[in-house]
Amino acid sequence: MGVVEKIIKALEEDVNRGLGRPYLQSGNYKIYDFNEENFKPLKDVEPRLMAFVDGGNNTVLNAPTFSLQINRVYFNLFWGKERQRPSSGMPEKIEFLSYLNVSKDGQVGKVRIFPLSEEHSRYLPREKDLRVTLPGPPDFYQRSRMFSVARRFAEWSFSTHIIEEELDDGDILVRDGSLQASFEGENEYLDRVMKTAHKMGVNLVGLSKTSTLSTDTGNSLIASIKKFAEHKKYDRWCYYPIAKEIVNGERPGSMIMAAKLHKLTEYIFRMDFLKTDHDEVEVVSAIGENTVDPTFPGYPYGLIDADLNARVRMDEVKLYRTRILSALSEDVLEKLKSHIRALDAHERLNMIANMIKD
């Protein structure tokens, strides 16, 4: 049997596995088994005020012991499909540089923050909270994950202000990504957003473009729910509950669900939803009203816009890099270059490969 035929057989075996049962590796959740009654119907609803939030960062300077990043967090407001302007006067976009320095043993990273505008300072996290411990000997993946620490904390901090200053009972805040923490200390900021949203009656939602959730048979959980819906001939549904968080505290648990936000879309997304007193079907259907853009039907246009405005482009990176390097003394610049060259060989090889390709 040829290599291609073996690969085809392996793929066929994988996609034909039984559905199994939803499986979550971590957290305290009540898991929902596959049940056709769990499909919630998409409804035609009145528009709601919705805020969409996303962030981006990119590397300006990078060496084994430090990284300088440019960070941006952006939000927009929509009433259904119609764009709105902030009423409080808060900025739609905050920008800052973050300088991550790794300790001598390579295990601890501390971050300093330099806002590009002083008025943005109040929306940013505290430097003392931005301390990260690496889970073992540092490698490139672990280090590159650390680069996003300041940006992630800033997203939570900015979101809290958006809820307090722009939203009201029944409104919705949708962020790109889940409602789960990835770094130590991040839960404090996440809890603050959740408690603020719960107190004000704001529906807090996290929408993930990709999902690694699986069933206990190894299938993609999102693909399994899609297959289950097709088997039951459901096409106009807006969400399917996967698991409910069990918490003891000042806020309700969040719900993890699969969301199909447009009846004609083939895309199903993981959606994290902080439960409020408002009807979940109406809230999810209201988000669906923002998903009719032809460039990506079934995905909120508010998040498309947020992604475009939060993204840090390479021409911006080059601008800051040039400004910083040109302002350094020759002695410091030469020492700095020796640090940077410890990591930039891979980038040089990519440049050579592109030159040959062209």
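The values are calculated or read from the model by the stated rules, or taken from the named source; none is laboratory data. Just so it is clear, the model here is predicted, and its values are computed rather than measured. So basically every Cβ, Gly included, is an ideal-geometry build from the backbone, and we count neighbours across all protein chains shown. When the accessible area is computed, the model is the full protein with side chains, heavy atoms only, and any ligands, DNA or RNA have been set aside. Shrake-Rupley method; radii C 1.70, N 1.55, O 1.52, S 1.80 Å.
Numbers below:
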| read-out | value |
| --- | --- |
| Meets criteria (in contact with a strand residue (DSSP E or B) (Cβ under 9 Å, 6 or more places away or on another chain) and under 28 Å from residue 126 (Cα atoms)) for residue 249 | no |
| Answer residue from region 217-236, given it is small (Gly, Ala, Ser) and surrounded by 14 or more Cβ atoms within 10 Å (Cβ to Cβ) and is nearest to residue 267 (Cα to Cα) among those | 223 |
| Hits in region 135-186 (condition: modelled with pLDDT under 90, open to solvent by 30 Å² or more (accessible area, probe 1.4 Å), touching a strand residue (DSSP E or B) at 6+ places or on another chain (Cβ under 9 Å) and not in a loop (DSSP other than H, G, I, E, B)) | 144, 145 |
| Residue count for region 248-260, restricted to those that are within 15 Å of residue 285 (Cα to Cα) and either more than 21 Å from the chain's Cα centre (by Cα) or without any contact (Cβ under 8 Å) to a residue 40 or more places away in the chain (or both) | 2 |
| Subset of region 273-302 [under 26 Å from residue 30 (Cβ atoms) and not in a loop (DSSP other than H, G, I, E, B)] | 273, 274, 280, 281, 282, 283, 284, 285, 286, 287, 288 |
| Residue check for residue 67: in contact (Cβ under 8 Å) with a residue 40 or more places away in the chain and either outside any strand (DSSP E or B) or open to solvent by 40 Å² or more (accessible area, probe 1.4 Å) (or both) | no |
| Conditions (1) in contact (Cβ under 8 Å) with a residue 60 or more places away in the chain; (2) under 18 Å from residue 48 (Cα atoms); (3) acidic (Asp, Glu); number of the one not met by residue 245 | (2) |
| Cβ pairs under 6 Å, 6+ apart, first in region 76-90 and farther than 21 Å from residue 283 by Cβ, second of a type outside the set (Phe, Trp, Tyr) and modelled with pLDDT of 95 or more | 86/166; 88/165; 88/166; 90/165 |
| Residue tally, condition basic (Lys, Arg) and part of a loop (DSSP other than H, G, I, E, B), over region 310-327 | 2 |
| Count of region 70-110 residues which are of a type in the set (D, E, K, R), open to solvent by 40 Å² or more (accessible area, probe 1.4 Å) and in a strand (DSSP E or B) | 5 |
| Any hit, region 206-216, residues being buried (at least 16 other Cβ atoms within 10 Å of the Cβ), touching a helix residue (DSSP H, G or I) at 6+ places or on another chain (Cβ under 6 Å) and assigned to a strand (DSSP E or B) | yes |
| Residue satisfying all of: in region 247-261; modelled with pLDDT of 85 or more and assigned to a loop (DSSP other than H, G, I, E, B); nearest to residue 31 (Cα to Cα) among these | 260 |
| Subset of region 286-335 [open to solvent by less than 20 Å² (accessible area, probe 1.4 Å) and of a type in the set (S, T, N, Q)] | 290, 291 |
| So residue 270, is it in contact with a strand residue (DSSP E or B) (Cβ under 9 Å, 6 or more places away or on another chain) and part of a loop (DSSP other than H, G, I, E, B) | no |
| Criterion (part of a strand (DSSP E or B), of a type outside the set (S, T, N, Q) and either modelled with pLDDT of 85 or more or farther than 26 Å from residue 167 by Cβ (or both)) met by exactly one of 233, 244, 226 | 244 |
| Complete set of residues in region 196-205 that are out of contact with any Ser or Thr (no Cβ under 9 Å at 6 or more places or on another chain) and open to solvent by 10 Å² or more (accessible area, probe 1.4 Å) | 199, 200 |
